[in-house]
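What follows is a single structure, written as structure tokens, with notes after it.
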Amino acid sequence: MTREQLFKQSIKVIKDGQHPTGGYVACPTFPTYNYSWFRDSAYIAYAMDLASEHDSAARFHSWAVRNILAREKALEEYFSGGATDYKELLHTRYTLEGDEGTEEWENFQLDSFGIWLWSVKEHLSLSESKADGPLIQAVNLVARYLTALWQTPCYDCWEENEDKVHIYTLATIYRGLICASEISGTDYSKTVLAVKNRIEKSGCAEGHLVKYEGIRAVDSSLLGAGFPCFVFDPDHPVMDATIKQIEADLLESGGLHRYRADTYYGGGIWILLTAWLGINEVLRGNQDKAEHILDWILSKAGEDGHLPEQLSEAMNDPSYLSHWNEKWGFSANPLLWSHAMYIILYMKLGLIK
Ligand code: BGC
């Protein structure tokens, strides 16, 4: 398979995984992921916009707007001091029809909504379209929700560590609120500044960003503080030190782990994270390194051109693999988010003919 064939196949996997309602399934073959996650879908919609598939991205954003506005009453009640449980206001994932999940889940994940605001702004710019009334209303609701809750501990982007404040989560809120101001004309700059201050004050150790406040360890999601949240430019000294630390601690066999203690499916290496490193490297001017990463991903695609969530290689702790296989079946493949990150890397490398 060539680079271009995998690019085209990635678009197909995403189109096939988009439900008529507009929601993108996280993985079509892994029952636990038969939902649309705001986080995954924000990156997927952005990838589709970059690939000029604006209609697909627009249909996802309509799905998102419908689901946010369906929760407007509870959000307004919360904003006006009602006793509503803030953890239940917005869920990180909904069924493709827009309903809440039936199983127990770690629903309260603020990064999902910061990154959605970013993807809306990108969609409007890349598709050269104007925000309509319902979109602006949904954007403002989400921005007010983030403004109210940004200092509250929540689950991280790996749906863990509920009692911590995560630096990637803060990064998404920072960028999301900037985008919300640009889309709606409402000024969220006071919170934007406060978020940035907090990242600078308590999100760094030894010159690099940290996974969550109070520790020194890194997490690959910190790549997001470069692209796409641009809390720091990808070649800023803080990002430079963060990327070096991520590579030193988490890069193995050519791919990135989420974090050192990860045991999910044994804690293998993740396609989407490795692509994320490549995207930052393009922006740091390291084209060759980024192309090498792209080819590494290409070499890991199945014969059907499918990209998994993670590879069972260089696992942190292989003894956990059978536990997860028995619990939920083999790990997700194809993962739409992996395909999205390949598309983004491919486009950023300027490989489109
Ligand atoms: C990951 C999340 C992701 C979800 C769906 C989880 O295992 O930790 O980041 O959003 O899968 O892909």
With bins of 10 Å, the percent of all Cα-Cα pairs of the range 1-72 per bin from 0 is 20, 51, 25, 4, 1
How much accessible area does GLU53 have with a 1.4 Å probe, in Å² rounded to the nearest 10? 50
For the chain, what % of the accessible area comes from carbon and sulfur atoms, probe 1.4 Å? 49
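For a quick check of your reading of the filter: which chymotrypsin sites (Phe, Trp or Tyr not before Pro) in the range 293-329 sit in a DSSP loop and have no more than 15 other Cβ atoms within 10 Å?
On the way: sites: TRP296, TYR320, TRP324, TRP328; in loops: none.
Of the chymotrypsin sites (Phe, Trp or Tyr not before Pro), not one in the loops of the range 293-329 has a Cβ with at most 15 other Cβ atoms within 10 Å.
Which sequence of ILE215, ILE297 reflects their accessible areas, 1.4 Å probe, from the largest down? Mind showing how you got there, number by number?
Values: ILE215 55, ILE297 0 Å².
From most exposed to least exposed: ILE215, ILE297.
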Would you compute, for the Cα atoms of the range 225-348, the largest minus smallest coordinate along each principal axis and list the three values in descending order, in whole Å? 43, 31, 23
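So what's the back-of-envelope 222 nm ellipticity for the chain, counting only DSSP H runs of four-plus at -39500 (n - 2.57) apiece and dividing by all residues, rounded to 500?
On the way: 13 runs with 178 residues, N = 353.
That calculation yields -16000 deg cm²/dmol at 222 nm.
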Quick one: how many lysine pairs in the range 92-201 have C-alpha atoms under 22 angstrom apart, if they're 8 or more apart or on different chains? 6
Let me know the Rg and Dmax you get for the chain when you use only its Cα atoms, in Å. 18.9, 56
Take the residue pairs LYS8/LYS348; LYS300/LYS348; LYS73/LYS211 and return only those whose Cα atoms are more than 24 Å apart. LYS73/LYS211
What does the charge count near ASP233 come to, summing +1 for each Lys or Arg and -1 for each Asp or Glu among other residues with Cβ under 14 Å from its Cβ? 0
What is the set of long-range amide H partners of GLU252 at a cut-off below 5 Å, with H atoms built 1.01 Å from backbone N? HIS257
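Please list HIS123, HIS306 from largest to smallest accessible area, probe radius 1.4 Å, with all protein chains kept in place. Intermediate results must be reported in sequence, preceding the final value.
Details: HIS123 15, HIS306 50 Å².
In descending accessible area the options line up as HIS306, HIS123.
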Reachable aspartates and glutamates from LYS87, criterion Cα separation under 12 angstrom, eight or more residues apart if same chain: GLU106, GLU162
Starting from the Kirkwood radius over alpha-carbon pairs of the range 306-353, derive D by Stokes-Einstein at 25 °C in a medium of 0.890 mPa s and give it in µm² s⁻¹. 195
So how exposed is ARG175, as accessible area in Å² (1.4 Å probe, rounded to 10)? 50
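The values are calculated or read from the model by the stated rules, or taken from the named source; none is laboratory data. The structure displayed is predicted, hence computed values, not measured ones. For neighbour counting, all protein chains shown are included, and Cβ atoms are generated from backbone atoms with ideal geometry for every residue, glycine included. Protein only, heavy atoms only, side chains kept; ligands, DNA and RNA dropped before computing areas. Shrake-Rupley method; radii C 1.70, N 1.55, O 1.52, S 1.80 Å.
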